[in-house]
Amino acid sequence: MKTEITKLLGIEYPIIQGGMAWVAEYHLAAAVSNAGGLGLIGAASAPAEWVREQVREAKKLTDKPFGVNIMLMSPYADEVAKVIVEENVQVVTTGAGSPEKYMEMWKNAGVKVIPVVASVALAKRMERCGADALVAEGCEAGGHIGENTTMVLVPQIVDAVDVPVIAAGGVADGRGIAAAFMLGAKGVQMGTHFVVTDECQVHENYKDKIIKSKDIDSRVTGRSTGHPVRAIRNDMTKKYIELENSGASFEELEQLTLGSLRKAVVDGDVVNGSVMAGQSAAMVKEKMSCKTLIDKLVKETDELIKGAGFYE
Ligand code: TUI
């Protein structure tokens, strides 16, 4: 499955694993890369030395390309940006902001830079300052999201830039990948389905919550604070949305979410913790290895559109 993205990154399939906070650590990233996709380590709000260690551990498990996702709201973003260069990381993706100030340093070091964007304006800005490709992430995605759906965001960004575009948000099977190609994308990024893979180290309760969730179980908290976050509904989202509707302060709301993702991922508290996942959680029915998942995705996509000119 060769596209501009596989050629740019030196990978077999244009399938990228999302750099999910607390979830995307080196076991998962290495397994995805070994299966022919691009694995990512999610730096989230972790200190730079944690990221350095993760990169070194991933290199012990794979000789294939992998990357690091930097969450730009992190207090450690500046230091993590330097670790990328120091540890010779081949690919960096960014989220929750603009990575403009790091671009020159990364480009000079030969790092491939792929900002995750949720708007046409940021996509254009990122192309101007040297992005090698872009992830266009629709609001079906889990975690911190923008306003537009994948269906409308991807074609607009494809029309607005010349660099290859990777579609994210709502993709969980070969139908989603085929659709992404038809919207003009040259690859996909998937998060939620990779959470339930054997190599993903999250608590089993987190995986079970995804497997059991249905179409109506997805919620967005934090629209009123300007930090919309998608997660699977539970006591936490219910309380949050009630507080939000009653006009609670930013501080009060922050208090409720502080450490809530860790609570779900590490402690397995899927009642009071934040179970971030995309709307595609409802389409995820089965746990499997990263290799089985990627092989299945490629087979499903081939059955729909192989030979139609979207990839070689
Ligand atoms: O970043 C993500 N998804 C994330 S980050 C994250 S960690 C977190 N945890 C709790 C609260 C908040 C974050 C969990 N999920 N996806 C990429 C993404 N980037 N989605 C939306 C954006 C975005 C939003 C606004 C990018 C840029 C932006 O504005 C920047 C500008 O300067 O215009």
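The values are calculated or read from the model by the stated rules, or taken from the named source; none is laboratory data. Bear in mind the structure is a predicted one, so any value in this text is a computation, not a measurement. Backbone-built Cβ (ideal geometry, glycine too); neighbour counts: all protein chains shown.
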Considering residues that are away from the ligand (no atom under 16 Å from the Cβ) and in contact (Cβ under 8 Å) with a residue 40 or more places away in the chain, the number found within region 4-29 is 11
Of the conditions (1) under 23 Å from Asp173 (Cβ atoms); (2) more than 16 Å from the ligand (Cβ to nearest atom); (3) hydroxyl-bearing (Ser, Thr, Tyr), Thr62 satisfies every one except a single condition; which number is it? (1)
Listed by first then second residue, the pairs whose first member lies in region 111-125 and is closer than 13 Å to Gly169 by Cα, whose partner is of a type in the set (Asp, Glu) and surrounded by fewer than 22 Cβ atoms within 10 Å (Cβ to Cβ), with beta carbons under 9 Å and at least 6 positions apart or on separate chains, are Ala118/Glu147
When you scan region 242-262, do you find a residue that is closer than 27 Å to Leu40 by Cβ and either assigned by TED's automatic domain parsing to the domain that holds Ala167 or hydrophobic (A, V, I, L, M, F, W, C) (or both), even just one? yes
Every residue from region 100-127 that is touching a Lys or Arg at 6+ places or on another chain (Cβ under 8 Å) and either more than 16 Å from the ligand (Cβ to nearest atom) or among the small types (Gly, Ala, Ser) (or both): Met105
Test result for Gly95, touching a residue at least 60 places away in the same chain (Cβ under 8 Å) and within 16 Å of the ligand (Cβ to nearest atom): yes
Just to confirm my filter: which helices (runs of 4 or more DSSP H) fall fully inside region 206-312 and include at least 3 residues that are more than 15 Å from the ligand (Cβ to nearest atom)? 235-245, 290-305
Test: residue in region 214-224 that is among the acidic types (Asp, Glu) and without any contact (Cβ under 8 Å) to a residue 40 or more places away in the chain: no
Just one of Val89, Val120 is surrounded by fewer than 19 Cβ atoms within 10 Å (Cβ to Cβ), more than 16 Å from the chain's Cα centre (by Cα) and among the β-branched types (Val, Ile, Thr); which is it? Val120
